Amino acid sequence: MADPATIPADELARRLDRGERVQLLDVRATERVRLGRAALGPALEFHALPASQLYNLQSLDSLGLDRSQPVLVICGHGNSSARAADFLQERGFDARSVAGGMAAWEGVYLPRRLAPTRALEHVVQLDRVGKGALSYVLASDRDALIVDPGRHLERYEAVLEELHATATAVIDTHMHADYLSGARTAARRWRVPYFVHPDDTSSPYDGAAGRFPYEPLRDGDTIAFGRATLRVEHVPGHTLGSVTLIADESIALTGDFLFVQSLGRPDLGGQAEAWGRLLWHSLERTRRRWPGDLLILPAHYASELERRADRSVGARLDVIAATNPVAAIADEASFLRFLAQHDTAPPESYRTIKLANLGLVELAAADAEAVEVGPNQCAVAAE
């Protein structure tokens, strides 16, 4: 039975995604809010004040909350927010706590059905709203491929059940640094192969070989399932083994190579200059070869501006060429200069996440939650 004093994080996400007005009060410490906060949809009214300060206010007017509208309260795990919601209720507000807090928020995935292609009956984009991370379920004749899955495998199993499809393989377009991949666990649980490019199966920091079984995914390879075939293009730069997966010459799952408004940053392996040159050559090659009507479906986004009218994230290549300022840079020298000017230190947790995805570091569940805190920082973008 649902607790009337709380609201599930996924219900909060669905409300925001529908464009409903939501007053959200974050009562975590200021430094925690800076690391990452709920941000979704055009109608979110976000307020933040640490719980310790809330209880010392002489008047709640300074919060700027509308007493005639419900207030949702969020914290780290739903404990402090429950107390804060009670405090607001006692003072005349219609307040509820977000169950599970930000830990639950970062595990919310909103599935979005995209237009099918000639051979794919189903193309589902799973939007992990707390990370700005996108993964995909592609289904043909009830066979399915799962691309760039997060660690919450039950989200993908629910989609597969809804589609009446069975997973036949899992793929990582690259070795992720901002979130813990669910691909290796999924391959074991579902007894299917795990595909990744060999250049991403060792540590970029010291060359240590990853400790996991995989099937190599190389440039020009194809993966067949149902009536569909994915074609692999190697697009190094964000990582050495970054690949794009192209289906029916109509959609391209670009991973962290090409985003709607930016490109994947080349410095996460500690080799910014060398990988930046690789990124340039990958960009140049794809601009020459890919058709303008190819729908780009990336693995990340950074803002609401990257959404289409149906709330999915993606854009035709010709639109990206006209509106993505980084992808539009015309010469290598200017491109490399842009990268150098926008070089920022990545989060310290990214090294740990990368090594964990390689099987070189083991993380307990609590540690997994901690290292994934906050939205992705995988892009290099114009300010």
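If only one of 265, 211 is under 18 Å from residue 353 (Cβ atoms), charged (D, E, K, R) and out of contact with any Asp or Glu (no Cβ under 9 Å at 6 or more places or on another chain), which one is it?
Numbers: 265 fails: out of contact with any Asp or Glu (no Cβ under 9 Å at 6 or more places or on another chain).
That would be 211, the only listed residue that is under 18 Å from residue 353 (Cβ atoms), charged (D, E, K, R) and out of contact with any Asp or Glu (no Cβ under 9 Å at 6 or more places or on another chain).
From the list 88, 110, 63, pick out the single residue that is under 30 Å from residue 151 (Cβ atoms) and of a type in the set (A, V, I, L, M, F, W, C).
Details: 88 fails: under 30 Å from residue 151 (Cβ atoms); 63 fails: under 30 Å from residue 151 (Cβ atoms).
None of the other options fit; the residue is 110.
So residue 87 clears everything in (1) buried (at least 16 other Cβ atoms within 10 Å of the Cβ); (2) closer than 27 Å to residue 310 by Cα; (3) free of Cβ contacts under 8 Å to residues at least 40 places away in the same chain except one condition, right? Which one?
(2)
Residues that are of a type in the set (S, T, N, Q), part of a helix (DSSP H, G or I) and surrounded by fewer than 20 Cβ atoms within 10 Å (Cβ to Cβ): does segment 328-335 have at least one?
Taking segment 328-335 and keeping what is of a type in the set (S, T, N, Q), we get 334.
Remaining after also requiring part of a helix (DSSP H, G or I): 334.
Then keep just the ones that are surrounded by fewer than 20 Cβ atoms within 10 Å (Cβ to Cβ); that gives 334.
Yes - at least one qualifying residue is present in segment 328-335.
Hey, could you check segment 108-123 for residues that are part of a loop (DSSP other than H, G, I, E, B) and in contact with a strand residue (DSSP E or B) (Cβ under 8 Å, 6 or more places away or on another chain) and say which is farthest from residue 311 (Cα to Cα)?
Here is the first cut: in segment 108-123, the ones part of a loop (DSSP other than H, G, I, E, B) are 108, 115-121.
When the remaining residues are screened for being in contact with a strand residue (DSSP E or B) (Cβ under 8 Å, 6 or more places away or on another chain), the result is 108, 115-117, 119-121.
Details: 108: 15, 115: 13, 116: 16, 117: 19, 119: 24, 120: 20, 121: 20 Å.
Applying the filter and picking the extreme gives 119.
Residue under question is residue 40, and the condition is that it be assigned by TED's automatic domain parsing to the domain that holds residue 76, aliphatic (A, V, I, L, M), without any contact (Cβ under 8 Å) to a residue 60 or more places away in the chain and closer than 21 Å to residue 313 by Cβ; does it hold? Outline the logic, then answer.
On the way: assigned by TED's automatic domain parsing to the domain that holds residue 76: yes; aliphatic (A, V, I, L, M): yes; without any contact (Cβ under 8 Å) to a residue 60 or more places away in the chain: no; closer than 21 Å to residue 313 by Cβ: yes.
No, not satisfied.
Can you name the residue in segment 282-331 that is under 24 Å from the mean Cα position of the chain (by Cα) and among the basic types (Lys, Arg) and is also farthest from residue 262 (Cα to Cα) among such residues?
311
I need every pair where a residue in segment 219-247 that is assigned to a strand (DSSP E or B) has its Cβ under 8 Å from the Cβ of a residue that is among the basic types (Lys, Arg), sequence separation at least 6 or different chains.
Going by the 8 Å Cβ cut-off, the qualifying pairs are 222/231; 232/218; 234/218; 245/231; 246/231; 247/231.
The values are calculated or read from the model by the stated rules, or taken from the named source; none is laboratory data. Bear in mind that the values here come from a model prediction, so they are computed numbers and not experimental data. A quick note on method: Cβ atoms are made from the backbone with ideal geometry, for glycine too, and the neighbour counts reach across all protein chains shown.
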